[in-house]
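S.K.: Below: one structure in structure tokens.
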Amino acid sequence: MGKFLDAVTKGLKSMSEGPRGDRYSVAGQPATCAHCHGDLFIEGRAQLNTAGMTFLNLDWANRSAATLACTECGRIEWFLSDPERIE
Ligand SMILES: [Zn+2]
């Protein structure tokens, strides 16, 4: 587990040295990081695994979620609706 966390931390560090990220809005609200209040993110997509989601009654969520990774602290915010990039 420690090695896994090291790898994640290293990955996020190298990410924050790369692109600075973009600003996004979700459902008309600008996305901000719940941890550091940063507003620069890198967008990603994650498949939601069906077993857990069925249990949570989230079948309607189309089994795919958008993720916004904060480039400041590395927190990942999950959204079931698509974030819009703010130019
Ligand atoms: Zn953050």
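S.K.: For residue 46 and residue 27, compute 0.36 nm times the residue count separating them, minus their Cα-Cα distance, and round to one decimal in nm.
M.R.: Going from the current span to full extension adds 5.0 nm.
S.K.: Starting from the Cα-Cα distance between residue 36 and residue 86, subtract it from 0.36 nm times their residue separation and give me the gain in nm to one decimal.
M.R.: Length difference between fully extended and current span is 16.1 nm.
Bear in mind these aren't lab numbers, they're just calculated from the coordinates by the rules spelled out. Nothing here was measured: the structure is a model prediction, and the numbers come from that model.
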